[in-house]
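Trainee: There's a structure below that I have some questions on.
The values are calculated or read from the model by the stated rules, or taken from the named source; none is laboratory data. These numbers come from a predicted model, not from an experiment. A quick note on method: Cβ atoms are made from the backbone with ideal geometry, for glycine too, and the neighbour counts reach across all protein chains shown. Just the protein is used for accessible areas: all its heavy atoms, side chains included, with ligands, DNA and RNA removed. Shrake-Rupley method; radii C 1.70, N 1.55, O 1.52, S 1.80 Å.
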Amino acid sequence: MEPYRIKVVEPLAFTTREEREAALKRVSYNPFDLRADEVTIDLLSDSGTGAISADQLAAGMQGDESYAGSRSFYRWHEVVSELTGYPHILPAHQGRAAERILFSSLLRPGTSVLSNTHFDTTRANVELTGCTAYDLPCAEAKDLDSDFPFKGNIDLIALEQALENADQTPVGAVLMTITNNGGGGQPVSMDNLHRTAELCRRHNVPMILDAARFAENAWLVTQREAGYADRTPRQVAEEAFRLADGCVMSAKKDGIVHIGGFIGLKDAELAERCGGLLIATEGFTTYGGLSGRDLDMMARGLLEVTEPAYLAERADIAAHLAARIREAGVDIVEPAGLHALYVNAGRLLPHIPPHQYPGTALVCELYLRGGIRSAELGSLYLGEEDEHGNPVKTAPYELVRLALPRRVYTRSHYDHVAATLADIAKNPESVRGYRVTGQSPILRHFSIKLEPVSPSGD
């Protein structure tokens, strides 16, 4: 059972099918533009959507809002320093702000960043610095159905080859995303992190952690990796941080807060450059765009997130939903992770070609039938078309991410999600594809405009 009891509740929004049809049409079939009060179960993201604890709320009441040197900053700094071991810690208002500051200070235009998988905003921040982001996922990640425990790993052979050819394509950094969100929420093994760190040291390239879900990665290590069963998630997390030269983190995930993030670094000179940019764009180095109460609540969340009881329950509720989805005859990326489940929309809707976005079709159908909001990770997210709408690049897989907010929904809520998927699976041919009618050149999936394709395909 859940290791907590509910103290405050918020009513859900219940709408009719007709209301949802009108809402989806109004926003040009882009779920990001739906109003929250038009959504019943919101699985769009696990970022900043968790429920804070009574202790976090109490910590926030002690927030010191001094512009510089607040007590909140020093309380927060002590917690982050003890967790990560980095001597230089800078707050930022969220992960993408931390990425922008670090990449702008670390990378030179024309260099590359190698990763197990960049997520969308991370890739955008790399590219905005004039650099190129390369994904080097391990070979096992290609088999969505296998039970290989660490599909989030980086391909060490490909990484070594890229580092050895750095005279042709200079490498500015190696970024390890834990867990691998763009790769199906799969964890990275400690063995893979150790080997990656060794390669980086040998080639004098910094290894940076994208540590948004560091605690969930640590939990999965304790459950799946030989030699770590007797370690606590906190001990595994500390080891991971100390292997790297630094980190960026969105605390909206495993900080269990609504806003916040940070940069952690070993290099004093790099930290000084980051601090200067932070002051110019985010705020002074002791608040980084955050209030004192945000810092205090983050500090408490970073302590709570590695508690075994919390992580065990998070894993159990994800496993519960995964089992119900499988019972409905719908495939997900295996094995199930913690922060999200990834539905294989391409397999569920094989009649919809990639350039008509089967992932988006499933996202819209989940909303129309069940009031459930989710996110596409397929050819809309990764694909490209020419000026005539013809496909130039499609995604290797057409997925839909069901992100699980922390401490928010119960098993009955997730049973509703599985039941809605089961209803779709009874007659998947009735689901239509979509076409793009308007898009942005950067991160198009956030602001895309679409319309349904007619039954004839026109």
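Trainee: Starting from the Cα-Cα distance between A226 and D331, subtract it from 0.36 nm times their residue separation and give me the gain in nm to one decimal.
Mentor: 35.0 nm
Trainee: For segment 1-81, what % of the accessible area comes from carbon and sulfur atoms, probe 1.4 Å?
Mentor: Answer for segment 1-81: carbon and sulfur cover 56 percent of the accessible area.
Trainee: Computing the accessible area with a 1.4 Å probe over protein heavy atoms, can you report the carbon and sulfur percentage for segment 258-383?
Mentor: For segment 258-383, the apolar C and S fraction of the accessible surface comes to 54 percent.
Trainee: Taking square-rooted eigenvalues a ≥ b ≥ c of the alpha carbon gyration tensor, is segment 77-157 rounded, prolate or oblate, where a/c under 1.5 means rounded and, failing that, a/b exceeding b/c means prolate?
Mentor: Numbers: a/c = 2.38, a/b = 1.34, b/c = 1.78.
The shape class here is oblate.
Trainee: Give the separation of the Cα centroids, segment 185-212 to segment 134-168, in Å.
Mentor: Here the answer is 12 Å between Cα centres.
Trainee: Taking only Cα atoms, what is the 0 to 90° angle, nearest 10, from helix 292-304's long axis to the longest principal axis of the chain?
Mentor: 80
Trainee: Same structure, new question: Using the crude model of +1 on Lys and Arg Cβ and -1 on Asp and Glu Cβ, and no other charge, please compute the dipole size for segment 137-181 relative to its Cα centre, in debye to 20.
Mentor: 160
Trainee: Now a separate question. Which percentage, to the nearest 5, of the DSSP beta bridges contained in segment 148-260 is antiparallel? Walk me through the numbers on the way to the answer.
Mentor: Numbers: 1 of 8 bridges.
Counting only bridges with both partners in segment 148-260, antiparallel ones make up about 10 percent.
Trainee: Find which of L114, T40, F73 sits farthest along the positive direction of the dipole of segment 30-179, computed with +1 on the beta-carbon of Lys and Arg, -1 on that of Asp and Glu, about the Cα centre.
Mentor: F73
Trainee: If you don't mind, there's one more thing I want to ask. Using the Cα centre of segment 255-397 as the reference point, and only Cβ charges (+1 on K/R, -1 on D/E), how large is the resulting charge dipole? Debye, rounded to the nearest 20.
Mentor: My answer is approximately 360 debye.
Trainee: Once you sort the root eigenvalues of the Cα gyration tensor of segment 257-406 as a ≥ b ≥ c, which label holds: rounded (a/c under 1.5), prolate (a/b larger than b/c) or oblate (the other case)?
Mentor: It is oblate, given that a/c is not under 1.5 and a/b is not larger than b/c.
Trainee: A further question follows. Residues of segment 232-363: accessible area per residue at 1.4 Å, in Å²?
Mentor: Computed with neighbouring chains in place, this is 31 Å² per residue.
Trainee: Going by average Cβ neighbours within 10 Å, how do the peptides 193-200, 434-441, 161-168 rank, with the highest at the top?
Mentor: Highest to lowest by the protection proxy: 193-200, 434-441, 161-168.
Trainee: Arrange the peptides 51-60, 85-94, 69-78 so that the one whose residues have, on average, the most other Cβ atoms within 10 Å appears first.
Mentor: Ranking, from highest mean packing down: 85-94, 69-78, 51-60.
Trainee: What fraction of the DSSP beta bridges in the chain is antiparallel, stated in percent and rounded to the nearest 5?
Mentor: On the way: 27 of 44 bridges.
If we restrict to bridges inside the chain, about 60 percent are antiparallel.
Trainee: Run the dipole for the chain about the Cα centre, Lys and Arg Cβ at +1, Asp and Glu Cβ at -1, nothing else charged, and hand back the magnitude in debye, nearest 20.
Mentor: Here the size comes out at about 600 debye.
Trainee: While we're on this one: For segment 29-131, what does the accessible surface come to per residue with a 1.4 Å probe? Please give it in Å².
Mentor: That works out to 39 Å² per residue.
Trainee: Sort 147-157, 287-297, 171-181 by packing, meaning the average of other beta carbons within 10 Å per residue, with the highest value first.
Mentor: Result, highest mean first: 171-181, 287-297, 147-157.
Trainee: With the contact rule set at Cα under 8 Å and sequence spacing of 6 or more, what percent relative contact order holds for the chain?
Mentor: Numbers: 957 pairs, mean separation 101.2, N = 458.
RCO, the chain: 22 percent.
Trainee: May I ask what percent, to the nearest 5, of DSSP beta bridges between residues of segment 63-222 are antiparallel? Working shown, then result.
Mentor: On the way: 2 of 14 bridges.
Around 15 percent antiparallel, to the nearest 5.
Trainee: Toward the positive end of the charge dipole of segment 149-222, about the Cα centre and with charges on Cβ (Lys, Arg +1; Asp, Glu -1), which of A212, I157, G184 goes farthest?
Mentor: A212
Trainee: I would also like to ask the following. Divide by every residue of the chain the summed helix terms, -39500 (n - 2.57) for each DSSP H run of at least 4, and state the resulting mean residue ellipticity at 222 nm, rounded to the nearest 500 deg cm²/dmol.
Mentor: Details: 18 runs with 188 residues, N = 458.
Rounded to the nearest 500, the figure is -12000 deg cm²/dmol.
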